[in-house]
Amino acid sequence: MNGDEACCEGALAVGCRFFAGYPITPATEVAEAMSRRLPQLGGIYIQMEDEIASMAAILGASWGGVKSMTSTSGPGFSLMMENIGLGICTETPCVVCNVQRAGPSTGLPTAAGQGDMMQARWGSHGHYEIIALSPSSPQEMFDMTIRAFNLSEYYRLPVLVMADEVVGHMNERVIIPREEDIEIINRRKPTVSREDYLPYEADADGIAPMANCGDGYRIHVTGLTHDERGYPAMNAKAHEQMVTRLVGKIRNNRDKIISTKNFYLDDAEVVVVSYGISARSSMKAVRDARNEGIKAGLIKLETVWPFPEELIRSLAPQVKALIMVEINGGQMVLELERSARGACPVSLVGNYGGAILHPNLILGAISKAVKGKT
Amino acid sequence: MTTSKPVKNVPPHPMDSLLRTERIPHIWCPGCGIGTVFSAVIAAIKNTGWDPNSIAMVSGIGCTGRMAGYIKLDSFHTTHGRALPFATGLKLARPQTKVIVVSGDGDLFAIGGNHFIHAARRNMDLTVICVNNLNYGMTGGQQAPSTPLGAKTTTSVSGSPEEPFNFSYLASACGATYVARWTAMQVRSLRSSISEALEKRGFSFVEVITPCPSSFGRRNRMGSALEMLKFYHGRSVIRGDIDPKDASMDIDKEIVVGKFVDIERSTFLDHYEKFNRPQMPQWRSMHPDNQKGR
């Protein structure tokens, strides 16, 4: 199956039963698959009037107690930013899959891009933390969509699956595990009475148990700054408290959230860092480099946000160079550079989108870097 | 607004059971018509006799949007214009819950206009109460899609150059199953219309022409809140059996009020279930509580 269909199957396997979306290349196949599959499982597919509405609808469905998701690409992702912010502020579990194409604007609808990485991090206004995963294959579309739901249910926020056109459209074998082998995390529910329940009072891990609509708790949910009762609190102190918790629940659990796959790092002199389809070009380049006797390594980011800052900080002094490979003009490379703290040279292999990066291009950069040239 | 102290020795109000009393006093200006609509909504809800845990209120942004913060139901104060798509998701996830959307004219018909026409077209089973105060109140009185041609607002100091929508006509044209309009003075009719709208299956819509004395009234020299109420009431003509396109909404001439639409039409879920029934063995079991293991 292709990556978009694998995304759909992963979502269904983890219990997603509501999808609201709007057609957009190259993410349309996720919606098409959902529209076929959800009725078979008693779920709802609804095609909304735009991506603003799609995002709003999945938040509503999530508060109705149903795991929900949407999928889109660049232009639609831009429209979703408003209600992604609402999801962050109201701590609403849901998943957004962005099958990236080349931008800006309408750009190249049918060609790959990875230009939405900073938008994923900072696209909605105000300060917040986000979780974003980046699959490199249809199998990972399946697996990471499951993980995205589990993270969203546990940490209570919209989780982004940042795929790309190539991964979305490529056909590969996807192994679907047995039902009992799939880990499913559901949102924590309150155990106290209605009188004692404070909807935004967090447990020790920073996460507040969530009452759904209809559970009898008669909750109030608002995008305004709110106190632990969920009531608007229009002052700087309340705002500081709320955002500190929203940010803290992700930052303080970084080691549980961040996931990378590391290859040949033990003796590596040059380390390539990449994600999504670019990580596969990078893998080929690193293996070619090894065949040429160059001690190259690869960090494949499974979670792109939060960024594995600590890993890079400890690695940078031990290597000759770090290279970010991504289909944009340099986005995650900024994060790599920041995390390396000047301990080694950091460079970019990228393009502005439209085509994936050829392994030879990356191999060339590795060869140069090992000789001390960047 | 969260620093309000409880007032002592006040006997309980009959509507207290549906109010977040700890959040009173509210933020609405003296003379604002929203309170009248709010109490009509609460009275109508009580009148249904439904379990309050099976009713939810969804609102967007603006003065009317704050209703959701004062009602003691599951209540959602969402983003500007997006109450309807949020409510759509909520309703489809929990068809057993009655979902009420409260929204102002700008929220519902400017920034949320596209959502409105599509929610009505789909015949989502929602009750929508529109408080039409002819301007954007929360931001200090700017022109809205309801502002009468020539009316003064902070963004049309010489008179609004735009012609307004006729919301009730628009709602009926988009497929609403129930459409009524009243002024805030006609409380009994309003209350009974909201009751009917709540009981109606499908997309029901009630528009209320309300005074905004602080902004719209002041800039257009309409006098006190009471004078505004009386003015709108004086302009109103009850014509229930009228074609919605003739239900004129013109504060200088005639505000036609009454119930304009009351029809039966299959909802989105009716159609969805019908078309997908053969492959929906687990219909209505999408809630995680009902799913074995997942």
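The values are calculated or read from the model by the stated rules, or taken from the named source; none is laboratory data. Nothing here was measured: the structure is a model prediction, and the numbers come from that model. Ideal geometry is used to build each Cβ from the backbone, glycine not excepted, and the neighbour counts take in all protein chains shown.
Worth a mention:
- Taken over the range B:29-63, the residue count meeting the criterion of being within 14 Å of chain A (Cβ to nearest Cβ) and touching a residue at least 40 places away in the same chain (Cβ under 8 Å) is 12.
- The lone exception for B:F76 - which of (1) at the interface with another protein chain (Cβ under 8 Å from one of its Cβ atoms); (2) aromatic (F, W, Y); (3) over 30 Å from B:G217 (Cα atoms) it fails: (3)
- Within the option set A:S259, A:S274, being more than 8 Å from chain B (Cβ to nearest Cβ), surrounded by fewer than 18 Cβ atoms within 10 Å (Cβ to Cβ) and farther than 22 Å from B:G60 by Cα holds for one residue only, A:S259.
- For the range A:39-66, filtered to residues that are buried (at least 24 other Cβ atoms within 10 Å of the Cβ) and more than 7 Å from chain B (Cβ to nearest Cβ), the residue that is farthest from B:L90 (Cα to Cα) is A:E51.
- Yes/no for B:D241 being modelled with pLDDT under 95, loosely packed, with under 12 Cβ neighbours inside 10 Å and away from chain A (no Cβ under 14 Å): yes
- Pairs where the first residue, in the range A:173-192, is farther than 14 Å from A:E9 by Cβ and the second is of a type in the set (G, A, S) and assigned to a loop (DSSP other than H, G, I, E, B), C-beta under 7 Å, 6+ apart: A:I184/A:G15; A:K189/A:A211; A:P190/A:A211
- Some residue of the range A:12-25 being facing chain B (nearest Cβ under 7 Å), touching a His at 6+ places or on another chain (Cβ under 7 Å) and not polar (S, T, N, Q): no
- Residue in the range A:35-45 that is closer than 23 Å to B:G81 by Cβ and out of contact with any Phe, Trp or Tyr (no Cβ under 7 Å at 6 or more places or on another chain) present: no
- If you check A:S78, A:S71 for being away from every other protein chain (no Cβ under 11 Å), of a type in the set (S, T, N, Q) and buried (at least 24 other Cβ atoms within 10 Å of the Cβ), only one passes: A:S71.
- Residue in the range A:157-165 that is within 15 Å of the chain's Cα centre (by Cα), at pLDDT 95 or above and within 14 Å of chain B (Cβ to nearest Cβ) present: yes
- In the set (1) touching a residue at least 60 places away in the same chain (Cβ under 8 Å); (2) in a loop (DSSP other than H, G, I, E, B); (3) of a type in the set (S, T, Y), the condition left unmet by B:S160 is number (1).
- Put simply, of A:G113, A:G85, A:G123 the only residue that is surrounded by 20 or more Cβ atoms within 10 Å (Cβ to Cβ) and within 27 Å of A:E326 (Cβ to Cβ) is A:G113.
- Of all residues in the range A:324-374, those satisfying the criterion of being of a type in the set (S, T, Y) and either within 21 Å of the chain's Cα centre (by Cα) or farther than 14 Å from A:A296 by Cβ (or both) are A:S339, A:Y352, A:T374.
- Within the range A:224-242, being part of a helix (DSSP H, G or I) and more than 10 Å from every other protein chain (Cβ to nearest Cβ) holds for A:A236, A:K237, A:H239, A:E240, A:Q241, A:M242.
- Some residue of the range B:120-130 being at pLDDT 95 or above, hydroxyl-bearing (S, T, Y) and in a loop (DSSP other than H, G, I, E, B): no
- Matching residues, the range A:144-167, being in a loop (DSSP other than H, G, I, E, B) and either of a type in the set (D, E, K, R) or farther than 30 Å from A:G107 by Cα (or both): A:R156
- Flag if B:G89 is facing chain A (nearest Cβ under 10 Å), in contact with a helix residue (DSSP H, G or I) (Cβ under 8 Å, 6 or more places away or on another chain) and not in a helix (DSSP H, G or I): no
- In the range A:156-167, the residues that are buried (at least 24 other Cβ atoms within 10 Å of the Cβ) form Cβ pairs under 7 Å with partners that are of a type in the set (K, R), at six or more places apart or across chains, as follows: A:R156/A:R187; A:E165/A:R101.
- Candidate set: the range A:168-223, residues that are within 14 Å of chain B (Cβ to nearest Cβ) and part of a helix (DSSP H, G or I); chosen: the one surrounded by the most Cβ atoms within 10 Å (Cβ to Cβ): A:E179
- Strands (runs of 3 or more DSSP E) fully within the range A:302-360 counting 3 or more residues that are modelled with pLDDT of 95 or more and under 24 Å from A:D143 (Cβ atoms): A:303-305, A:321-326
- Selection within the range A:81-117 - among the polar types (S, T, N, Q) and in a helix (DSSP H, G or I): A:N83, A:T90
- Some residue of the range B:8-19 being at pLDDT below 95 and of a type in the set (D, E): yes
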